[in-house]
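These notes are about the structure you will find just below.
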Amino acid sequence: MTLHPIWFNGKLVPHEDAKVHVLTHALHYGSSVFEGIRCYDTDAGPGVFRLREHMRRMVESARIHRMDIPYSIDELVEAALETVRESGMRECYIRPLSFRGEGPMGVNPMNNPVETIIAVWEWGKYLGPEALIEGVDVHVSSWNRMAPNTFPALAKAGGNYLNASLAKMDAVLNGYVEGIMLSYDGHVGEGSGENLFLVRDGKILTTPMALSILPGITRDTVITLAKERGYEIVETRIPREALYIADELFFTGTAAEVTPIRTVDKHRIGSGRRGPVTEELQEAFFDVVKKGNDPHGWLSFVNRTFNEVAEIN
Ligand code: PPE
């Protein structure tokens with residue numbers, strides 16, 4: 001795998017030079033916030049999907065944790081585009097991260113510097129090469145999502161992912177691709193790195209934000225695309241057993257895109273393969289990111305000439 005330059009505190013440095021000290025606060029206390037973004041090789045040129053919304057969420061995650069990122073959303077957007085451009089990749093995953101750096105040790109992070117990086121790499125299908133068509137086998141995790149007023153779920157913070165990693169390891173060690181975590185009150189939460197949707201009798205249900213999920217940008221995208229296609233979307237508490245009798249289930253996420261779920265706890269979901277609603281919404285999503293059909297203005301084209309061309313058309 002080619003190692004690409006990394007944007008580090010304002011400038012691009014060679015991959016091997018983007019290093020930190022072992023006393024970096026974030027290593028000891030999980031004090032970081034990050035994003036995951038995809039750049040797609042669309043028919044209209046390489047375009048980053050919902051870049052501004054992701055950078056806004058990162059700045060807001062930082063704000064929740066009283067971390068001042070010394071760059072504006074616009075500067076972070078530009079920096080990400082520059083990093084992708086510099087890599088020469090037409091399609092990649094983008095990982096911006098801000099973290100508390102080396103400084104005084106101790107839980108209080110307020111006197112540690114805030115450092116920011118943006119890295120890019122190739123990332124294929126997150127839940128396996130066949131996942132988007134065949135669907136994935138998952139279980140309900142023995143790990144719950146955090147309760148409100150413990151770890152703020154709206155912040156995509158490094159520390160929160162200790163919980164996600166426990167669920168992911170539990171799933172993989174038990175032979176599943178992913179785990180669905182329940183919320184603190186026993187209702188359906190989300191995957192370790194994905195939001196969850198349930199289809200029943202033509203209606204689409206998803207976990208509400210109040211159950212300590214990450215309010216995903218792909219989740220918002222799918223809600224928008226589904227409403228435009230006339231579906232009713234209900235954000236409501238979903239009991240665990242509703243998963244077993246759903247017509248269709250699917251995950252959404254930047255890495256996972258729109259991935260059908262074919263079994264949960266060895267219960268076959270619907271026909272055991274990708275259902276029609278999932279397929280329709282997958283197609284709507286890929287129509288934007290593959291074909292570059294972008295009525296919502298969700299793509300930031302990496303190569304400005306493409307952007308200008310798109311505007312002229
Ligand atoms: N929930 C969680 C817990 C989560 O981590 C993600 C993204 C989502 C929902 C979906 O959010 P969005 O990407 O905005 O639609 N997970 C990222 C990290 C995956 C990883 O392994 O790292 C991602 O998909 O990029």
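The values are calculated or read from the model by the stated rules, or taken from the named source; none is laboratory data. Worth saying up front: this structure is predicted, and the values here are computed from it rather than measured. Backbone-built Cβ (ideal geometry, glycine too); neighbour counts: all protein chains shown. SASA here: full protein model, heavy atoms, side chains in, ligands and nucleic acids out. Shrake-Rupley method; radii C 1.70, N 1.55, O 1.52, S 1.80 Å.
Scanning the stretch 36-50 for residues that are within 13 Å of the ligand (Cβ to nearest atom) and either modelled with pLDDT under 95 or under 12 Å from the mean Cα position of the chain (by Cα) (or both) yields 36, 37, 38, 49, 50. Here residue 64 passes the criteria (1) within 16 Å of the ligand (Cβ to nearest atom); (2) of a type outside the set (Gly, Ala, Ser); (3) surrounded by 20 or more Cβ atoms within 10 Å (Cβ to Cβ) except the one numbered (3).
Residues considered: 198, 243. Of these, the only one that is open to solvent by less than 70 Å² (accessible area, probe 1.4 Å), closer than 21 Å to residue 270 by Cα and part of a strand (DSSP E or B) is 198. So is residue 21 over 22 Å from residue 220 (Cα atoms) and either in a helix (DSSP H, G or I) or within 16 Å of the ligand (Cβ to nearest atom) (or both) or not? No, not satisfied. Considered as a group, the residues in the stretch 246-271 that are under 21 Å from the mean Cα position of the chain (by Cα) and polar (S, T, N, Q) include one that is most open to solvent (accessible area, probe 1.4 Å), and that residue is 254. Checking each residue in the stretch 86-108 for being open to solvent by less than 30 Å² (accessible area, probe 1.4 Å) and within 15 Å of residue 66 (Cα to Cα) picks out 98, 99, 100, 101.
For every residue, the table says whether it meets (1) free of Cβ contacts under 8 Å to residues at least 60 places away in the same chain; (2) among the β-branched types (Val, Ile, Thr); (3) in contact with a Ser or Thr (Cβ under 7 Å, 6 or more places away or on another chain).
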position	(1), (2), (3)
243	no, no, no
247	yes, no, no
254	no, yes, yes
260	no, no, yes
277	no, yes, no
282	no, no, no
290	no, no, yes
294	no, no, no
299	no, no, yes
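The residues of the stretch 183-238 that are in contact with a Ser or Thr (Cβ under 7 Å, 6 or more places away or on another chain), away from the ligand (no atom under 11 Å from the Cβ) and of a type in the set (Ser, Thr, Tyr), listed by number, are 183, 184. Quickly run through the stretch 39-56 and pick out the residues that are open to solvent by 30 Å² or more (accessible area, probe 1.4 Å) and basic (Lys, Arg). Answer for the stretch 39-56, where residues must be open to solvent by 30 Å² or more (accessible area, probe 1.4 Å) and basic (Lys, Arg): 52, 56.
Pairing residues of the stretch 64-89 that are within 24 Å of residue 157 (Cβ to Cβ) with residues that are open to solvent by less than 80 Å² (accessible area, probe 1.4 Å) and charged (D, E, K, R), at Cβ distances under 8 Å and at least 6 apart in sequence or on separate chains, gives 67/100. Considering only residues in the stretch 177-195 that are open to solvent by less than 10 Å² (accessible area, probe 1.4 Å) and over 17 Å from the mean Cα position of the chain (by Cα), the one that is farthest from residue 252 (Cα to Cα) turns out to be 183. Only residues that are surrounded by 22 or more Cβ atoms within 10 Å (Cβ to Cβ) and assigned to a loop (DSSP other than H, G, I, E, B) were counted in the stretch 153-176, giving 2.
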